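Just below is one structure, and these are the notes that go with it.
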Amino acid sequence: MTIETILPLPDIFSAKRILCIQPHYDDNDIGAAGILTQLAKNGAKLFYLTATDDLMGVVDTSLSVEEAAKALKRDQFAAGRIVGVREQSWCGYPDAGEYSYFDLRRDFLKYIRLIKPDFVFAPDAWLTYEAHHDHIQSGLAAAEAVMFAGLTKLASSDPAVDAAYEKDTIQGIALYYTREPNYIADITSTWEEKIAAVRCYQAQFDPEGMEQLVFALDVKSQQVAQGGSFGRGEPLKLLHPSALHCGF
Ligand SMILES: [Zn+2]
């Protein structure tokens with residue numbers, strides 16, 4: 001008997017409701033828009049939740065806070081229309097700033113209990129050499145919130161959501177931006193949509209930066225698919241929620 005017999009790798013293509021948690025406005029799409037576009041076409045409802053206000057990454061520093069926030073949302077909605085995102089939500093923590101990990105986890109618990117996803121996407125908090133604290137915090141808080149969603153004595157940030165919550169089953173978590181994938185999604189058929197979505201994030205990349213990003217994604221998507229029977233891939237770590245604790 002293997003551990004996969006007890007904790008089988010979850011099947012993302014069976015997902016009907018997917019909550020995609022990201023530190024910044026563009027992370028879900030840079031990390032996973034290829035597979036997410038496919039899942040949306042497959043009938044899954046995509047919900048995006050953004051942890052921070054992303055204001056530090058806006059390249060035009062002459063914009064006021066209101067103008068910058070508006071530009072970020074304009075880009076995010078444009079990308080979301082390409083990928084097939086149903087709903088966008090934001091926690092609004094300060095980008096690259098100081099905020100409480102436990103406040104963040106309470107917010108993620110709230111949205112998991114509210115949306116009742118059967119699958120959660122998030123950045124891999126255990127990515128080696130990841131220096132951006134927003135990514136580490138969001139990835140870890142998402143994983144903990146997936147593991148703890150059913151612990152009803154653990155309060156979220158919204159007592160009304162907690163009171164209405166009935167236990168629900170999350171089939172799995174998919175970690176993107178990972179160096180230890182156990183699944184390479186074939187994104188050949190949705191590559192064009194992924195790049196079109198990424199190109200929407202104009203507030204965060206000047207033209208040169210955008211071309212560098214697209215080039216890096218182009219090379220990486222082909223590298224990870226090498227040896228496979230397809231042209232382009234996205235690396236994911238798929239885990240059963242019970243595999244998020246004590247090394248199972
Ligand atoms: Zn980010």
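The values are calculated or read from the model by the stated rules, or taken from the named source; none is laboratory data. What you are looking at is a predicted structure, and each value in this text was computed from that prediction instead of being measured. Reconstructed Cβ throughout: ideal geometry from the backbone, glycine too, with neighbour counts over all protein chains shown. For the accessible areas, the whole protein counts, side chains as well, though only heavy atoms, and no ligand, DNA or RNA atoms are used. Shrake-Rupley method; radii C 1.70, N 1.55, O 1.52, S 1.80 Å.
Taking a temperature of 37 °C and a viscosity of 0.692 mPa s, what whole-number D in µm²/s does Stokes-Einstein yield for segment 16-152 with Rh from Kirkwood over alpha carbon pairs?
Values: Rh = 15.2 Å.
In µm²/s, the coefficient rounds to 216.
Would you mind calculating the gained length between Tyr101 and Met147 on full extension (0.36 nm times residue separation, minus the Cα-Cα distance), in nm to one decimal? Walk me through the numbers on the way to the answer.
Numbers: separation 46, 0.36 × 46 = 16.56 nm, distance 1.57 nm.
Extra length from Tyr101 to Met147 when fully extended: 15.0 nm.
Measure off 7 Å from each Cα along the Cα-to-Cβ vector at Thr169 and Gln226, then give the distance between these two points in nanometres to one decimal.
Distance between the two pseudo-spin positions: 4.0 nm.
Between Thr61 and Asp218, how high is the FRET efficiency from 1/(1 + (r/R0)^6) when r is the Cβ-Cβ distance and R₀ = 41 Å? Nearest 0.05.
Details: r = 29 Å, r/R0 = 0.70.
That pair, Thr61 with Asp218, gives E of 0.90.
Report the label-to-label distance for Arg179 and Asp11 in nanometres (one decimal), using points 7 Å from each Cα along the Cα→Cβ vector.
Calculated label separation equals 3.3 nm.
Can you give the Kirkwood hydrodynamic radius of segment 87-224 from its Cα pairs, in Å with one decimal? Walk me through the numbers on the way to the answer.
Numbers: mean 1/r = 0.0586 Å⁻¹.
After inverting the mean inverse Cα-Cα distance, the result is 17.1 Å.
Whole number please: convex hull volume per residue of the Cα set in segment 1-70, in Å³? Mind dumping the intermediate values first?
On the way: hull volume 8.7 nm³, N = 70.
Cα convex hull per residue, to the nearest whole number: 125 Å³.
Share of antiparallel DSSP beta bridges in the chain, in percent to the nearest 5? Provide the component values of the computation, followed by the final result.
Values: 7 of 27 bridges.
Of all bridge pairs located within the chain, approximately 25 percent are antiparallel.
Would you mind pulling out the separation of the Cα centroids of segment 167-200 and segment 110-154, in Å?
Their Cα centres are 16 Å away from one another.
With a 1.4 Å probe and every protein chain kept in, tell me what percent of the accessible surface of the chain is carbon plus sulfur. Walk me through the numbers on the way to the answer.
Values: 6530 of 11840 Å².
The value for the chain is 55 percent carbon and sulfur by accessible area.
Return P(r) of segment 63-130 (all Cα-Cα pairs; 10 Å bins starting at 0; whole %; ordered from short to long distances).
Values per bin, smallest distances first: 14, 37, 42, 7.
Over the chain, with the other protein chains present, what is the accessible area per residue in square angstrom, probe 1.4 angstrom? Please list the in-between numbers first.
Numbers: 11840 Å² over 248 residues.
Heavy-atom accessible area per residue stands at 48 Å².
Sort 81-89, 16-24 for me by packing, meaning the mean count of neighbouring Cβ atoms within 10 Å per residue, highest on top. Working shown, then result.
Details: 81-89: 17.8, 16-24: 25.0.
Ranking, from highest mean packing down: 16-24, 81-89.
Given 0.36 nm per residue, what is the gain on full extension from Glu192 to His245 after removing their alpha carbon distance, in nm?
Working: separation 53, 0.36 × 53 = 19.08 nm, distance 3.69 nm.
Between Glu192 and His245, full extension yields an extra 15.4 nm.
Could you tell me which of rounded, prolate or oblate describes the chain, using a ≥ b ≥ c as the square roots of the eigenvalues of the alpha-carbon gyration tensor, with rounded for a/c under 1.5 and, failing that, prolate when a/b is larger than b/c and oblate otherwise? It would help to have the intermediate numbers written out before the result.
Values: a/c = 1.64, a/b = 1.10, b/c = 1.49.
Verdict is oblate for the chain.
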